[in-house]
Amino acid sequence: MEKNNEGDGASDNYILVIDAPKETIEIKKHLVMNGYKVLLAETITKAEKLYKIYSIKMLFISLALIDTGAVQLIKNISQKRINHKKNSQVAVILLVNARQDQALHDCMIAGADDFIIKPFTKNILLARMHAIEQLLDVKRLEGDATEEQKIARDIFDAAIKTTNIEIKGMRKHCQPANVFSGDMVLTGKHPSGDVYILFADLTGHGLSAAIAVLPVSNMFSHLIRQGDQAEAILQHINTQLLDLLPTDMFMACCMLKINVADKTVSAWNAGMPDVYIIDRYLRSITKRFSSIAIPLGINELAAEDIHFDSVKINAAKQIFMLSDGVTDSMNEAGCMFGVRRLENILQNNLSESNLFNHVINAFKHFKSDSRIQDDVTLISIALKEMLNISDPVTNSVDVSG
Amino acid sequence: MSVVQQVLENGMKIQINISGRFDYESSQAFRDAYRHLTDLEGANFYINLRNANYMDSSALGMLLLLREHAKSNGCAVIIEQPGEQIDKILKVANFDKLFTIN
């Protein structure tokens, strides 16, 4: 029976070495002598099988196998596309000859963590193993932290979902820059019958931005149910944010009130990009609710500082709004998406029934693979469904017929 | 990004020039440009943005911190020469209600 030395590297996890049999003798000897459990595979196919069965924490892959699917295996492992037993943190180390620089480059891009140039001594191998184990520890900590954040986010999302109401015809596209988002959309029905929507963007992104999401959403839903007017709700939220947020943080927001009986939309915009009212049949932007106030959480807010602007609506109208994460987004060339580009896309697709998809696709195309720097939210509300009134075009056909 | 501070007019004018991107990365340098200054009676802060080409919401936050510091010392903050793009960001946030913008 093979004796398992309880040395430095001893653990329940295996090291998988993928190379031609004669090449693996030395490396196996060094690893086993230092307490590691070693598995050997001479082909990528065999390696994949072992990977699925055993709990593996480190793979050594020889670049002699580059043509036999090594790059794909590395990709699959680093992107977690292969189900892996128990341990989720895996390091991939390449065994390279000095002349294999292109293959080395390809494998590192595919997600390998490190490489060792052959021939190497026992001490070089063990020194590298030590460094890689430290890397795995960091990866593990990072993985744990992300998991915890995801759990917290699920709690946040659930809290908002239970208080939000469903709005017919509303579509949302959200891409947080981090696990947490500082953008939020709160909806509620006022006892008067009005539908209230608070679209808000807390400064920054990630956990620090999201910290105020829960108190704001609780307050919003509680005060609406209580029958408070929009002005009072905004004042209460402002007071809470003044207490809660440090000086340099604030919340831009736009409060919308939709009165179905009177067929009006009213809005008060404090620091958000323009909110558009689009008429799909007139093919134009018929109204903009521009920001007229400083964001919440900066100054005291008196009721007389809040002025709602109103506009009549009908079934042809669509509300379109977005957070500045959309317009301020940069692509890889360093260009900003910008308001002009957004409005051009809106103007050129106004008659489209799926205008929303057009804008999202244009944004995705613009961003391509580049990283989202700030939380991105786009919202569209087709008022036809909410008003539950017949289509004006259908009406005109009826009249002429 | 660079933040350069000058004390002018016998200490009555504290000018902070910002060039390049005015964002999260500038926060330490921006704070260091005014935090150590005491005995500010009668002085005002001038934030010159002529050479700044980008500003994000954390930069707005930095201006709010400076405003707080200035207020507690009885000083005003004047924002000067914002470019078109930065001016739009200041306008959307309605910062002209909190600062003098020239």
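The values are calculated or read from the model by the stated rules, or taken from the named source; none is laboratory data. Fair warning: this is a prediction, and the values are worked out from it, not measured in the lab. Every residue, glycine among them, receives a Cβ derived from its backbone with ideal geometry; neighbour counts consider all protein chains shown. All accessible areas refer to the heavy atoms of the entire protein, side chains included, with ligands and DNA or RNA removed. Shrake-Rupley method; radii C 1.70, N 1.55, O 1.52, S 1.80 Å.
Could you list, in sequence order, the residues of the stretch A:10-49 that are touching a Gly at 6+ places or on another chain (Cβ under 6 Å) and under 22 Å from residue A:67 (Cα atoms)? The answer is A:44, and nothing else.
When residues in the stretch B:91-101 are screened for being more than 8 Å from chain A (Cβ to nearest Cβ) and more than 12 Å from the chain's Cα centre (by Cα), 1 of them pass.
Among the candidates A:203, A:187, which residue alone is within 14 Å of chain B (Cβ to nearest Cβ) and either within 25 Å of the chain's Cα centre (by Cα) or among the polar types (S, T, N, Q) (or both)? Criteria check complete, one pass: A:203. Might you check whether a residue that is open to solvent by 50 Å² or more (accessible area, probe 1.4 Å), away from chain B (no Cβ under 12 Å) and within 27 Å of residue A:349 (Cβ to Cβ) occurs anywhere in the stretch A:291-308? Within the stretch A:291-308 (the criterion being open to solvent by 50 Å² or more (accessible area, probe 1.4 Å), away from chain B (no Cβ under 12 Å) and within 27 Å of residue A:349 (Cβ to Cβ)), the answer is no, since none of the residues qualifies.
Only one entry in A:157, A:183 is acidic (Asp, Glu) and crowded, with 19+ Cβ neighbours inside 10 Å, namely A:183. Entry remark, the stretch A:226-279: residues being among the charged types (D, E, K, R) and crowded, with 20+ Cβ neighbours inside 10 Å number 2 in total. Across the stretch A:30-55, the qualifying residues are those that are part of a strand (DSSP E or B) and among the hydrophobic types (A, V, I, L, M, F, W, C), and the one among them that is most open to solvent (accessible area, probe 1.4 Å) is A:40. Only a single item in (1) assigned to a helix (DSSP H, G or I); (2) under 25 Å from residue A:292 (Cα atoms); (3) open to solvent by 20 Å² or more (accessible area, probe 1.4 Å) is not met by residue B:59, and it is number (3).
Residue pairs whose Cβ atoms lie under 9 Å apart, separated by 6 or more positions or on different chains, with the first residue in the stretch A:316-344 and under 15 Å from residue A:284 (Cβ atoms) and in the same structural domain as residue A:206 (by TED's automatic domain parsing) and the second open to solvent by 40 Å² or more (accessible area, probe 1.4 Å) and among the β-branched types (Val, Ile, Thr), are A:316/A:393; A:317/A:286.
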